[in-house]
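**Student:** The structure follows.
All of the numbers you see were taken from the coordinates with simple rules; none came from a lab. Bear in mind that the values here come from a model prediction, so they are computed numbers and not experimental data. Here the Cβ positions follow ideal geometry from the backbone for every residue, glycine too, while neighbour counts run over all protein chains shown.
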Amino acid sequence: RKEVEQDPGPFNVPEGATVAFNCTYSNSASQSFFWYRQDCRKEPKLLMSVYSSGNEDGRFTAQLNRASQYISLLIRDSKLSDSATYLCVVRPSGNTPLVFGKGTRLSVIA
Amino acid sequence: NAGVMQNPRHLVRRRGQEARLRCSPMKGHSHVYWYRQLPEEGLKFMVYLQKENIIDESGMPKERFSAEFPKEGPSILRIQQVVRGDSAAYFCASSDLTASNYGYTFGSGTRLTVV
């Protein structure tokens, strides 16, 4: 089983739609969780951390389910500029390096 | 307040040559991580360094690849005798010791093409 698994997509959605991405991780002791965004031929950029209680940043909502080892990202009112690859990222423990999923590609269409 | 600086942005090498990729961490950061992203693939961890020490090199190929982070100057990822399969984007990230609950900041990457 891969450490971090994501549906690769692509997800093609119209502007204004709500879209959700899911991610599962294999290490139950994992401590920190993040969503990154990567535009084509660019570096990954931190979108948001994911907390056990769930957290929201504008149109973006992240949820963590430790029992199911499952992370989600919800994007409301999609914009054309949201088109990118979204990377699910997990830190297994302490100061160990971050482990990246392969990403889910989103295309928002006018 | 410069971020993580990587150079060169693009590097073309012929098979058998050496490639040197440089990374200057954010000011005040003493931890450097190198990742490789093959075309259409996810980021794969290669090596984690602190000043003058390699902390974790579990993702580094055993041959031809080496990394250092000297007391002075940038971190260097060195690939000897490059092959076509080394063509990829190489990203460097940095953090400080207190950043365990935070993600990394990445540099813009070096895109290595082996011809």
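**Student:** Pop out the ³J(HN,Hα) list for the range B:48-60 in order, Karplus 6.51 cos²θ - 1.76 cosθ + 1.60 with θ = phi - 60°, rounded to Hz; leave Gly and Pro as x.
**Tutor:** Listing the rounded values in order: 10, 10, 10, 3, 6, 9, 9, 8, 8, 10, 5, x, 8 Hz.
**Student:** List the cysteines in the protein assembly as shown whose Cβ has no other cysteine Cβ under 4.7 Å from it.
**Tutor:** Within the protein assembly as shown, the cysteines lacking a partner Cβ under 4.7 Å are A:Cys40.
**Student:** State the three equivalent ellipsoid semi-axes of the range B:28-115, derived from the C-alpha gyration tensor as the square roots of 5 times its eigenvalues, in descending order and whole Å.
**Tutor:** Numbers: eigenvalues 99, 46, 25 Å².
Ellipsoid half-lengths, sorted descending, are 22, 15, 11 Å.
**Student:** Here's something else I'd like to know. Explain nothing, just the number: dipole magnitude of chain A about its Cα centre with +1 on each Lys and Arg Cβ and -1 on each Asp and Glu Cβ, in debye rounded to the nearest 20. Present the calculation step by step, with values, prior to reporting the outcome.
**Tutor:** Working: 13 positive and 10 negative charges, 49 e Å.
For chain A, the charge dipole is close to 240 debye.
**Student:** If you put +1 on each Lys and Arg Cβ and -1 on each Asp and Glu Cβ, how big is the dipole of chain B around its Cα centre, in Debye rounded to 20?
**Tutor:** On the way: 16 positive and 11 negative charges, 98 e Å.
Value, rounded to 20: 480 debye.
**Student:** So, in the protein assembly as shown, how many Lys pairs have Cα atoms under 17 Å apart, if the pair is 8 or more places apart or on different chains?
**Tutor:** Summing the qualifying lysine pairs gives 11.
**Student:** Using all C-alpha to C-alpha distances in chain A, build P(r) with 10 Å bins and read off the rounded percent in each one.
**Tutor:** Each 10 Å bin holds this share of Cα pairs: 15, 50, 29, 6, 0.
**Student:** Return the sequence-ordered ³J(HN,Hα) values of the range A:37-47 in whole Hz as given by the Karplus equation 6.51 cos²θ - 1.76 cosθ + 1.60 applied to θ = phi - 60°, using x for Gly and Pro.
**Tutor:** 10, 10, 7, 4, 6, 10, 7, x, 10, 5, 8
**Student:** Can you list the residues, at least 5 places off or on another chain, whose amide H is less than 5 Å from the amide H of A:Met48, using H built in the peptide plane?
**Tutor:** The answer is A:Trp35.
**Student:** Can I ask one more? Given a cut-off of under 8 Å on Cα pairs at least six residues apart, what relative contact order in percent is computed for chain B?
**Tutor:** Relative contact order comes out at 37 percent.
**Student:** Shifting gears a bit: Provide a whole-number value for the mean count of partner chain Cβ atoms within 10 Å of the Cβ atoms in peptide B:12-24.
**Tutor:** Details: counts 0, 0, 0, 0, 0, 0, 0, 0, 0, 0, 0, 0, 0.
If you average over the peptide's residues, the count of other-chain Cβ atoms is 0.
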